[in-house]
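**Q** One structure, pasted below without further comment.
Rule-based calculations on the coordinates, nothing more; no lab input. In this text, all values refer to a predicted model and were calculated from it rather than measured experimentally. All Cβ positions, glycine included, derive from the backbone under ideal geometry; neighbour counts span all protein chains shown.
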Amino acid sequence: MDRPPAVAVTLPPPAGLRAEDGTGHVFLTWEPVPGARGYLVHRSPFAEGPYEPLTGQCLPRPPYADTRAEPGRGYWYKVAALTDDGPGPLTSTPVPGCVKARGISLATVTITVDATGAVPPHVTGDGAQALVNAVARHTDDCSHMYVVVRNTAADRPGMPPGSPALDRTAVVRVTGLAADTSYAVSLHRADTTDSDTTRDALTDTLPHEQLPPLTTGPDGAASLSLDIPLPGLRSLHLSRI
């Protein structure tokens, strides 16, 4: 007996599409669609279209930053959910976005890291999550702490190398350290954000330069600022003195 032909699966467009104007990018986020293999972001200079896909590859999840838009020029965005059978319909209502030009100082993101590992690193600010992310590792007694901050916009296919508007200042705030205690701080700089470099940056295998020590307050927290170029990776190693 012949089997009936397979029925193509079409998913509805994502709900809750939002755009936020950022420095050097437009930040886009939406609600995940159950069953979606990924998403395709489309852009047009006109609300009525036509809309062209921004990425040759599907995005596994939101958010996404459009880093190829021209500063000061308005764009409109729609998103489609993707299955093995292809993309579904685009969102019916587009959202507008406009890239901000770089100011005198770099745009800032804040990375909050819990030294005990109870919660994962949390990134907020201009381009957080879509452009800048962080990972951390600590020893069982919390005497050593590794924090890796990555500016990953250049990981995307077709992204032009170097874009000053996408450079960031990262304020790294570490909590859960010993109160009123000094920590030696060393820094590793890299101009790549690949997985091998990220893995090595969470160890002592890469060369580090010594920075001034940090002293925590009564709350066991300490902060420092790092400039993260595009592309770029910065690895911090904190060790209790």
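**Q** Ignoring everything except DSSP H segments at least 4 long, calculate the 222 nm mean residue ellipticity for the chain; use -39,500 (n - 2.57) per segment, divide by total residues, nearest 500.
**A** For the chain, the value works out to -500 deg cm²/dmol.
**Q** Ok, one more. Say we join alpha carbon atoms closer than 10 Å with springs in a Gaussian network model of the chain; which of LEU230, LEU40, LEU211 then has the biggest fluctuation?
**A** Sorting by GNM fluctuation, first place goes to LEU211.
**Q** Provide THR112, THR215 in ascending order of the number of other Cβ atoms located within 10 Å of each residue's Cβ, fewest first.
**A** Taking fewest neighbouring Cβ atoms as first place, the list is THR215, THR112.
**Q** Label-point separation (nm) for ASP21 and ALA221, each offset 7 Å from Cα along Cα-to-Cβ?
**A** Modelled inter-label distance: 3.1 nm.
**Q** Something else: Could you check the spin-label model distance between CYS98 and HIS122? Points 7 Å from the Cα along Cα→Cβ, value in nm.
**A** 3.2
**Q** Using R₀ = 35 Å, calculate the FRET efficiency as 1/(1 + (r/R₀)^6) where r is the Cβ-Cβ separation of SER105 and ARG37; round to 0.05.
**A** E between SER105 and ARG37, to the nearest 0.05, is 0.30.
**Q** While we're here: Given points 7 Å out from each Cα along the Cα-Cβ axis, report the THR203 to VAL171 separation in nanometres with one decimal.
**A** 3.4
**Q** Quick one: if the Förster radius is 25 Å, what FRET efficiency do SER143 and ARG61 give, using the C-beta to C-beta distance and rounding to 0.05?
**A** Working: r = 35 Å, r/R0 = 1.40.
E between SER143 and ARG61, to the nearest 0.05, is 0.10.
**Q** Can you compute 3J(HN,Hα) from phi for each residue in the range 224-236, using the Karplus curve 6.51 cos²θ - 1.76 cosθ + 1.60 with θ = phi - 60°, rounded to whole Hz and x for Gly and Pro?
**A** Running phi through 6.51 cos²θ - 1.76 cosθ + 1.60 with θ = phi - 60° gives 8, 10, 9, 8, 10, x, 10, x, x, 9, 10, 10, 9 Hz.
**Q** Can you give the Kirkwood hydrodynamic radius of the range 107-240 from its Cα pairs, in Å with one decimal?
**A** With all distinct Cα pairs of the range 107-240 included, I get 14.9 Å.
**Q** Follow-up. With only alpha-carbon pairs counted, each pair once and no self-pairs, how large is the Kirkwood hydrodynamic radius of the chain in angstroms?
**A** Hydrodynamic radius (Kirkwood, Cα only) of the chain equals 19.7 Å.
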